[in-house]
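Working notes, beginning with the structure itself.
Rule-based calculations on the coordinates, nothing more; no lab input. Quantities reported herein were computed from a predicted structural model and do not represent experimental measurements. As a convention, Cβ positions derive from the backbone with ideal geometry for all residues, glycine included, and neighbour counts pool all protein chains shown.
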4 protein chains.
Amino acid sequence: MKIGFIGLGRMGAGMARNLLGSGHQLAVYNRTREKTEALAREGARVADSPVEAARGSEATFTMLADDHAVSEVVFGRDGLASIPDPAPVHISSSTISIAFARRLAEEHGRRGQPFITACVFGRPEAAENKKLVVVAAGEPETVDRCYPLFDAIGRAAFVAGPAPWHANVFKLCGNFMIASLLETFGEGFAATRKAGLDHHRFLDVMNELFQSPVYRNYGATIADQKFEPAGFALKLGLKDVRQVLELALELGAPMPIASLVRDHLVSAMSHGQEAQDWSSVSKVLARSAGLDDEATAKTASA
Amino acid sequence: MKIGFIGLGRMGAGMARNLLGSGHQLAVYNRTREKTEALAREGARVADSPVEAARGSEATFTMLADDHAVSEVVFGRDGLASIPDPAPVHISSSTISIAFARRLAEEHGRRGQPFITACVFGRPEAAENKKLVVVAAGEPETVDRCYPLFDAIGRAAFVAGPAPWHANVFKLCGNFMIASLLETFGEGFAATRKAGLDHHRFLDVMNELFQSPVYRNYGATIADQKFEPAGFALKLGLKDVRQVLELALELGAPMPIASLVRDHLVSAMSHGQEAQDWSSVSKVLARSAGLDDEATAKTASA
Amino acid sequence: MKIGFIGLGRMGAGMARNLLGSGHQLAVYNRTREKTEALAREGARVADSPVEAARGSEATFTMLADDHAVSEVVFGRDGLASIPDPAPVHISSSTISIAFARRLAEEHGRRGQPFITACVFGRPEAAENKKLVVVAAGEPETVDRCYPLFDAIGRAAFVAGPAPWHANVFKLCGNFMIASLLETFGEGFAATRKAGLDHHRFLDVMNELFQSPVYRNYGATIADQKFEPAGFALKLGLKDVRQVLELALELGAPMPIASLVRDHLVSAMSHGQEAQDWSSVSKVLARSAGLDDEATAKTASA
Amino acid sequence: MKIGFIGLGRMGAGMARNLLGSGHQLAVYNRTREKTEALAREGARVADSPVEAARGSEATFTMLADDHAVSEVVFGRDGLASIPDPAPVHISSSTISIAFARRLAEEHGRRGQPFITACVFGRPEAAENKKLVVVAAGEPETVDRCYPLFDAIGRAAFVAGPAPWHANVFKLCGNFMIASLLETFGEGFAATRKAGLDHHRFLDVMNELFQSPVYRNYGATIADQKFEPAGFALKLGLKDVRQVLELALELGAPMPIASLVRDHLVSAMSHGQEAQDWSSVSKVLARSAGLDDEATAKTASA
């Protein structure tokens, strides 16, 4: 298939490369052009604007930081929405609010442009290694048609429902499940450390109990206090948790753990952790228990 | 080895059977004698009192409901602590408070009786199938000597630390990790259901993401609303979460998610759920979101 | 002084009347003109647009529902900001977000238009009876000059700081203090009712203890379950608490009680309470304790 | 009336003095005898044991630290419960758990000894100045008979219900209302301080709004950071909040703010604040917002 791809950050770059590797023709656009070079060498065409990347494609992905960035790329000058008939399917993979996902659907609908979502779970390494979990949503026939693309970027694909925002609900709720785990680890580790016990040993037990790679990876990050470089910056984690809470409000379903995590992320921001991995929310719990951060670091390196 | 085993509830019965199956000689005691019959047929000696089960053994397990039950069996008439020299190792497997675990250690120490803990993670099926995760703690040489027994009952064994109560910290913190997961699922499911989406589908995605048997089992229980018969009764779950909070207090490590779960378990008790599985705490979240329990049941059976 | 007044809702009407009663000349504007009639009879000039109400005045108040309404009246067609030199002082009395208060200051500043805030605490009856508590903020000399106007509408006036948004911080934090009280009453009443005790009696004790009119008024509303007609609709209360949480985020100061109240207001919305008084958040606690709303109503009327 | 009084701590001493000042005959007992001296000079008889203080009296108060202390004084050697017929009315004024209040009622009932509660609200100064708020409970005729005593020690008296533990519900829920206020002030002050504003000014506004002496006193303590000497030690505050949560559990009424305050008091304990006033829970919020305690002190003294 002929594919457009807009947004070559750490996640987007891996996804684009795997699409290319699966034999699709690719046109890419990124605001800072340097990031397109590696893909160009592998055969991707480099476009000068979103609309140029989309033109002639059957489907065009957007994988960007937030609502605002997507809005600019879609509705801005030379944006995706300005493409003349027949428009490609716009596949939104960004983590956006459900309010904005609904607006995207409306606007594309008014213009007669096909639009679906394909949210992804996984860290940049998973994107690189075709190990993402893909959650798509939208008009069933269109989703079906794009299914081979999901296979090209992930290890499994699911359909959340018939409206594009449905995938965003799954994505945000999934991120909430992870955020809750980070907080939970933070509390458990703080308690075991205050008991004078080895929290790495506690992690070993939890790994045997839960047998989950997510527990293994985040558990190790927190136990070792390796919060830099960030896999996912705390500041972005806070953005996501705020979107979870907006979702909870719009749907009328209280999510008190999300509220609790939000408060702790705000505290983390006030202690200068915005660029650290969001699992460093665990340090808020350590401080609350009177554990010294430096002592922590020493234990970790010992 | 010659082993005593006191407490043949759903967990204890499976553990005792596996000890027997590993070639150990077993003397068993249970308050209600009927529960000893199956094991007697398999070769266990049935004792009339705790002290009689322990007499002549190298190690004697206690696997009972709570602090109070253990206290009676150990310090009551014909209790374990009344055994004359040389006393067997008392291996406490019950989920007890750390305050009581410390008291047990003191009392046994005063009497010169060896005492360790061997807490277990796993449901009754896991106990039956030798799949428990064992966390032991106590004087290292004694723990080493008992290691073959842990192998006989579980799939993996860990040592938490040199004091018996250390294993109770790991056990309570581990139960806390599960309790937090139940609450988290409850919030995520309530949100997806209010969005009009299929929460079984959401569970499929979470299973792909977390790849954990704990998520799979509890997730299915909650999604299907199969809270009876209870794997672990909500009332007992509340007991454990209260012990987690006592631990948090004694150690000086706030555990706000434990507080939140406690409050929701109290609400569940007020809605008559004490005998349901503790994962039914999710119904508190459903009610809070204005979801009708009966509608829920219908969705589940559909 | 010559005064413009925009927004004659339940609060604005009382404030405007008291300005008129203190001898000031008044020009009023309201989107729905009927609300201006009573004031016109008392001598106010009725304007056809915001800018016309402001023209020729020394100071013009805006007292509107939210950020959006203020934005329209200020920056919309025939808005306040379009007034030619010399502009009157714009006195914003609406409960707006601090982000928007800052933007107002910037925009007026760019245009060389004087701008201060004068937030008010009190219910419509207090507005009517000149009993508001006024919190002003902005350039000190301008605030001083407008001080007589605050005297005309309230029983006391305070200055929060030199930037207009400072008063909004005080206003939102004050509303938070009240919201916390409503939640607290809800929890206390639920407990006393579950104990089988008379919660009106409990309120008598709390009134003797706290001796506060705020406790007396809200306490009676909750004890009597008189949530309609609403003094302040729950839906608006949720708007305010959300602004409190945005403030907490921007300032980097976690406010966990605000999070908790927000979650409970969301639950109340899901149970159809949006038009009831925001003190009906107490019903969320009653439901959580398994108390029947109808039984409650009966007790209340008994 | 002939009155016994057991427990001459800061609260008890004031209450005893006012009983004496109202013309009652008083026999007093205190574990450390020095505290009886001042009252002896004013005419009180000093007893050598609880039972000796009670003997011959019509009513005997106990005003002690906790369940344990009351238990010892009542059921210990030479305890109140050992008094022969006719026993005086035992009036329990201590802040005890409702479980223990029920046990007291049972035990006295079995012995045919009259028992009521008369809990008090107020700081030591209020006890000294006859300004306590008294909440009594128990068999109506007995309560009526003791009413003059309540008049002698307080500014107002209320009856909670016909069972002695009913007053303890009111007392614990009242303390909860105060604890919630301390947390609320902590959050509000942290936000206003992070905004760069004067939190003393904010307190002025809140005092005008709430007009409550409780707000005035605690607000000033927190704003000035005058946590030593403690009016009510944080460690005792934690004891009370734990009793509130036990009450919530027994009654089946979740009290999430109590949970939140408990967690923050635990954090305060971990930061060495056990002997400071319980309003220093506000420092937990300040730390969470990244506010420096020393800077705080400087601001406070400036």
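Return the whole-Å distance between the Cα centroid of segment D:121-167 and the Cα centroid of segment A:190-218.
Answer, in whole Å: 52.
Within 10 Å of each Cβ in peptide D:280-288, how many partner chain Cβ atoms are there on average? Round it to a whole number, please. Walk me through the intermediate numbers first.
On the way: counts 0, 0, 0, 0, 2, 6, 1, 5, 15.
The mean count of partner-chain Cβ atoms within 10 Å per residue comes to 3.
I'd like the FRET efficiency for A:Arg10 and C:Arg33, computed as 1/(1 + (r/R0)^6) with the beta carbon distance as r and R0 of 35 Å, rounded to 0.05.
On the way: r = 57 Å, r/R0 = 1.63.
Result of the calculation: an efficiency of 0.05.
About its Cα centre, what dipole magnitude does the protein assembly as shown give when the only charges are +1 on Lys and Arg Cβ and -1 on Asp and Glu Cβ, stated in debye to the nearest 20? Don't skip to the answer; put the middle values down first.
Numbers: 128 positive and 140 negative charges, 1 e Å.
The calculation lands at about 0 debye.
Have a look at the DSSP beta bridges in chain C and tell me what percent are antiparallel, nearest 5.
Approximately 20 percent, going by the DSSP bridge assignments.
Which residue, A:Pro124, A:Pro229, A:Pro162, tops the fluctuation ranking in a GNM of chain A built on C-alpha contacts under 10 Å?
A:Pro229
If you place +1 on the Cβ of every Lys and Arg and -1 on the Cβ of every Asp and Glu, how big does the dipole about the Cα centre of segment C:2-162 come out, in debye to the nearest 20?
Computed about the Cα centre, the dipole is about 280 debye.
Quantify how strongly other chains surround peptide B:199-212 by giving the mean number of their Cβ atoms within 10 Å of each of its Cβ atoms. Walk me through the numbers before you get to the answer.
Details: counts 1, 0, 7, 8, 0, 4, 15, 8, 1, 10, 11, 11, 6, 7.
Average neighbour count from other chains, rounded to a whole number: 6.
Along the Cα→Cβ direction, 7 angstrom out, place labels at D:Ser22 and C:Val46. What is the inter-label distance in nm?
About 6.4 nm separates the two model spin labels.
Calculate the dipole size of chain D relative to its Cα centre from +1 charges on Lys and Arg beta carbons and -1 charges on Asp and Glu beta carbons; express the result in debye to the nearest 20.
Working: 32 positive and 35 negative charges, 51 e Å.
Charge dipole, chain D, about its Cα centre: 240 debye, nearest 20.
Report, in degrees rounded to the nearest 10, the 0 to 90 angle that the Cα long axis of helix C:199-210 makes with the longest principal axis of chain C.
For C:199-210 against chain C, the angle is about 50 degrees.
Quick one: label points 7 angstrom along Cα→Cβ at D:Ala38, distances to the other copies in nm, smallest first?
Distances to the matching label points in the other copies: 5.8, 6.9, 7.7 nm.
Can you tell which of D:Gly23, D:Ser97, D:Val143 lies farthest toward the positive end of the dipole of segment D:2-163, using +1 and -1 charges on the Cβ of basic and acidic side chains (Lys, Arg; Asp, Glu)?
Most positive-ward Cα: D:Gly23.
I need the calculated FRET efficiency for the pair B:Tyr147 and D:Glu107, taking r as the beta carbon distance and R₀ as 51 Å, to the nearest 0.05. Before the final figure, lay out each step's value.
Values: r = 49 Å, r/R0 = 0.97.
Rounded to the nearest 0.05, the efficiency is 0.55.
For helix B:140-153, report the angle its Cα long axis makes with the longest principal axis of the Cα atoms of chain B; keep it between 0 and 90° and round to the nearest 10°.
60
What distance in nm lies between label points placed 7 Å from Cα along the C-beta direction at C:Arg216 and C:Arg77?
So the label points at C:Arg216 and C:Arg77 sit 5.0 nm apart.
Between C:His90 and residues 5 or more places away or on another chain, which pairs have amide H atoms under 5 Å apart, with H built 1.01 Å from N, and which residues are they?
So C:His90 has HN proximity to C:Thr60, C:Phe115, C:Ile116.
Where both partners of a DSSP beta bridge lie in the protein assembly as shown, what percent of those bridges are antiparallel, to the nearest 5?
Working: 24 of 118 bridges.
Percent antiparallel among DSSP bridges in the protein assembly as shown is about 20.
Amide H to amide H under 5 Å from A:Phe158: which residues, 5+ apart in sequence or cross-chain, H placed 1.01 Å off N in plane?
Long-range HN contacts for A:Phe158: A:Val134, A:Val135, A:Ala136.
Rg over Rh of segment D:172-301, using C-alpha atoms and the Kirkwood radius, what does it come to? All intermediate terms of the calculation are to be shown ahead of the outcome.
Numbers: Rg = 14.3 Å, Rh = 14.8 Å.
Taking Rh as the inverse mean 1/r over Cα pairs, Rg/Rh reads 0.97.
Which lysines, on any chain, are close to B:Lys235 with Cα under 21 Å apart, when same-chain ones fewer than 8 places away are left out?
Partners within reach: B:Lys171, B:Lys226, B:Lys283, C:Lys194.
Which FRET efficiency value, to the nearest 0.05, do you get for B:Ala275 and A:Asp292 by plugging their Cβ-Cβ distance into 1/(1 + (r/R0)^6) with R0 = 35 Å? If you can, show how the numbers build up before the last one.
Working: r = 45 Å, r/R0 = 1.29.
E between B:Ala275 and A:Asp292, to the nearest 0.05, is 0.20.
Once every DSSP H run of n ≥ 4 in chain A is given -39500 (n - 2.57) and the sum is divided by its residues, what mean residue ellipticity at 222 nm do you get, rounded to the nearest 500 deg cm²/dmol? List each step's numbers first, then the result.
On the way: 14 runs with 166 residues, N = 302.
Result for chain A: -17000 deg cm²/dmol, rounded to the nearest 500.
Going by Cα centres, segment D:225-258 and segment B:49-118 are how many Å apart?
About 35 Å separates the Cα centre of segment D:225-258 from the one of segment B:49-118.
What are the nm distances, shortest first, from A:His200 to its equivalents in the other copies, labels at 7 Å along Cα→Cβ?
With the label placed 7 Å along Cα→Cβ, A:His200 yields 4.5, 5.2, 6.6 nm.
Which residue fluctuates the most in chain D, going by a Gaussian network model with Cα springs under 10 Å, if the choices are D:Ser57, D:Ser93, D:Ser82?
D:Ser82
Taking the rotation axis that maps chain B onto chain D, which residue of B brings its Cβ closest to that axis, and at what distance in whole Å?
In chain B, the Cβ lying nearest the symmetry axis toward D is B:Ser259, 2.
Once phi is turned into θ = phi - 60°, what whole-Hz ³J(HN,Hα) does the Karplus curve with 6.51, -1.76 and 1.60 give for every residue of segment A:57-65, x standing for Gly and Pro?
7, 8, 8, 10, 7, 10, 9, 10, 5
Among A:Ala275, A:Ala38, A:Ala223, which one shows the biggest mean-square fluctuation in a GNM of chain A, springs joining Cα atoms closer than 10 Å?
Fluctuation is largest for A:Ala38.
Work out the mean other chain Cβ neighbour count within 10 Å for the residues of A:117-125 and drop it here as an integer. List each step's numbers first, then the result.
On the way: counts 0, 0, 1, 0, 5, 1, 0, 0, 0.
Averaged over the peptide's residues, the number is 1.
Relative contact order, percent, of segment B:54-189 when contacts are C-alpha pairs under 8 Å separated by at least 6 residues? Before the final figure, lay out the partial values.
Numbers: 219 pairs, mean separation 27.3, N = 136.
The value is 20 percent.
Apply the a/c threshold of 1.5 to the C-alpha gyration tensor of the protein assembly as shown and tell me whether it is rounded, prolate or oblate.
Oblate shape, in that a/c is at least 1.5 and b/c is the bigger or equal ratio.
Work out from phi, with θ = phi - 60° and the Karplus expression 6.51 cos²θ - 1.76 cosθ + 1.60, the ³J(HN,Hα) of each residue of segment D:256-264, listed in order in whole Hz, and give x for Gly and Pro.
x, 5, 4, 4, 4, 5, 4, 4, 6
Can you list, shortest first and in nm, the gaps between the label point of A:Arg216 and those of its counterparts in the other copies, using a point 7 Å from Cα in the C-beta direction?
List, nearest first: 1.5, 6.5, 6.7 nm.
Report ³J(HN,Hα) in whole Hz for each residue of segment D:76-81, in order, from the Karplus equation J = 6.51 cos²θ - 1.76 cosθ + 1.60 where θ = phi - 60°; Gly and Pro get x.
x, 5, 6, x, 4, 5
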